[in-house]
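A short worksheet on the structure shown next.
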Amino acid sequence: MKKSANAKIKSNKEDISGSETVLELIRGKTPWIFGKSLRKPKIVFPKLKLPKMDMPMPGRSISVIIIYAILFLLQLGIIYLIYTKPPALGGDPNTGEPMFLYPSIHDSFIIEGIVASILIFLCSTGFVLLYQASKYVYNKSIAVRILVIGIIFVLVTFAALQAMITIKLGESLFNV
């Protein structure tokens with residue numbers, strides 16, 4: 001009974017093409033190189049004791065704050081501001097009134113970039129709050145509060161950014 005089971009296993013392996021290991025394929029074609037067995041060399045590496053430097057690691061909250069600050073600067077367009085050196089705030093050439101939004105869609109004032117970055121940051125905070133609401137699944141009142149605040153953040157910042165783009169394009173804010 002055992003012999004028939006072993007023969008069955010061997011025949012199944014021969015029937016399936018590609019089931020051989022690379023070592024089996026090489027050993028079958030070149031028996032004079034590897035012989036009956038292939039040995040792995042055993043290397044003993046010395047255990048060196050290197051001096052350890054103990055450096056204090058910053059807390060998790062400080063790391064998160066640094067990451068958020070870097071993300072804020074990237075969203076701000078700090079590379080663009082350094083490269084193009086736009087004015088901080090402009091004025092209308094006809095009336096002399098200060099302008100908050102640059103009339104072209106391709107350029108921006110520094111204050112415009114800062115406000116847009118703050119709005120994008122608030123929107124991303126809203127999405128983080130949406131995620132955090134799923135952690136309070138057993139405390140429904142807290143979960144609903146966090147969920148509503150997150151949705152409000154996302155919708156208000158989306159509407160404000162859309163309003164900024166609409167004004168920059170020179171269209172009326174409300175098509176009435």
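The values are calculated or read from the model by the stated rules, or taken from the named source; none is laboratory data. Small disclaimer: the values here were computed from a predicted structure and weren't measured. Glycine also receives a Cβ, built like all others from the backbone with ideal geometry; neighbour counts cover every protein chain displayed.
Please state which of the following conditions P46 fails to meet, knowing it meets all the rest: (1) in a helix (DSSP H, G or I); (2) at pLDDT 80 or above; (3) not charged (D, E, K, R).
The one condition P46 does not meet is (1).
Looking only at the stretch 90-117, which residues are touching a residue at least 40 places away in the same chain (Cβ under 8 Å) and not aromatic (F, W, Y)?
Of everything in the stretch 90-117, those that are touching a residue at least 40 places away in the same chain (Cβ under 8 Å) and not aromatic (F, W, Y) turn out to be L101, P103, S104, I105, E112, V115, A116, S117.
Okay, residues lined up against (1) touching a Phe, Trp or Tyr at 6+ places or on another chain (Cβ under 7 Å); (2) modelled with pLDDT under 80; (3) not in a helix (DSSP H, G or I):
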{"residue": "S4", "(1), (2), (3)": "no, yes, no"}
{"residue": "W32", "(1), (2), (3)": "no, yes, no"}
{"residue": "P41", "(1), (2), (3)": "no, yes, yes"}
{"residue": "M57", "(1), (2), (3)": "no, yes, yes"}
{"residue": "I62", "(1), (2), (3)": "no, no, no"}
{"residue": "I67", "(1), (2), (3)": "no, no, no"}
{"residue": "I105", "(1), (2), (3)": "no, no, yes"}
{"residue": "G113", "(1), (2), (3)": "no, no, no"}
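Which of the residues belonging to the stretch 123-158 are within 30 Å of G170 (Cβ to Cβ), of a type in the set (A, V, I, L, M) and surrounded by 17 or more Cβ atoms within 10 Å (Cβ to Cβ)?
The one that is within 30 Å of G170 (Cβ to Cβ), of a type in the set (A, V, I, L, M) and surrounded by 17 or more Cβ atoms within 10 Å (Cβ to Cβ): V154.
Go through E171, E97 for me and flag whichever is in contact with a Gly (Cβ under 8 Å, 6 or more places away or on another chain) and farther than 26 Å from I65 by Cβ.
Only one candidate qualifies: E97.
Filter the stretch 59-78 down to residues that are over 15 Å from the mean Cα position of the chain (by Cα) and surrounded by 13 or more Cβ atoms within 10 Å (Cβ to Cβ) and give me whichever is farthest from T125 (Cα to Cα).
Among them, the one singled out is I78.
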